[in-house]
Amino acid sequence: MNEILFAEIYYICIAIMLILGFKTYRSMMKNSQKVSFLAVVFVHILYFQTDLVRMSNVQNLFLNEMSFLFFSLCTFSWFNYILTMLEIQYVKKRQTLIANVIKLSEFLNL
């Protein structure tokens with residue numbers, strides 16, 4: 001019974017994410033902001049689908065790993081979207097990674 005309820009909730013979440021993605025695609029946002037938010041929507045849809053399939057197949061290690069991977073990508077895509085919205089740009093990817101880790105460690109120490 002709980003699996004059916006979770007499935008319904010996930011399908012509602014997927015429908016909401018599809019609506020958000022469609023509205024964002026048709027919006028007048030800057031292209032970089034639009035792309036990063038569409039990445040957030042797409043990764044969340046993948047996470048919901050993977051977790052939904054994983055619920056029905058609990059013993060499958062691959063599905064567990066994929067669900068964890070997509071959940072991690074959800075967090076990363078939100079972080080990337082926030083950087084895009086704040087218009088924080090760095091010269092190199094390595095500098096971006098190091099600066100983000102430093103900011104995160106400073107935030108966690110507070």
R0 of 30 Å, Cβ-Cβ distance Gln59-Ala15: FRET efficiency to nearest 0.05:
0.55
By how many nm would the segment from Asn100 to Ser32 lengthen if fully extended, with 0.36 nm per residue of separation less the alpha-carbon distance?
22.6 nm
Output wanted: per-residue J couplings in Hz (rounded whole) for segment 37-51, from phi through Karplus 6.51 cos²θ - 1.76 cosθ + 1.60, θ = phi - 60°, x for Gly and Pro.
6, 5, 5, 4, 4, 5, 5, 5, 4, 4, 5, 4, 5, 5, 5
HN-Hα J in Hz across segment 74-79 - Karplus 6.51, -1.76, 1.60, θ = phi - 60°, x for Gly and Pro:
4, 5, 5, 5, 5, 4
What does the highest-first list of 41-48, 17-24, 65-72 look like by mean Cβ count within 10 Å?
41-48, 65-72, 17-24
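Every read-out reported here was derived from the displayed coordinates using simple, explicitly stated rules and does not represent laboratory data. The shown structure was predicted, so the numbers you read here are calculated from the model rather than taken from an experiment. Glycine gets a Cβ as well: all are built from the backbone with ideal geometry, and neighbour counts include every protein chain shown.
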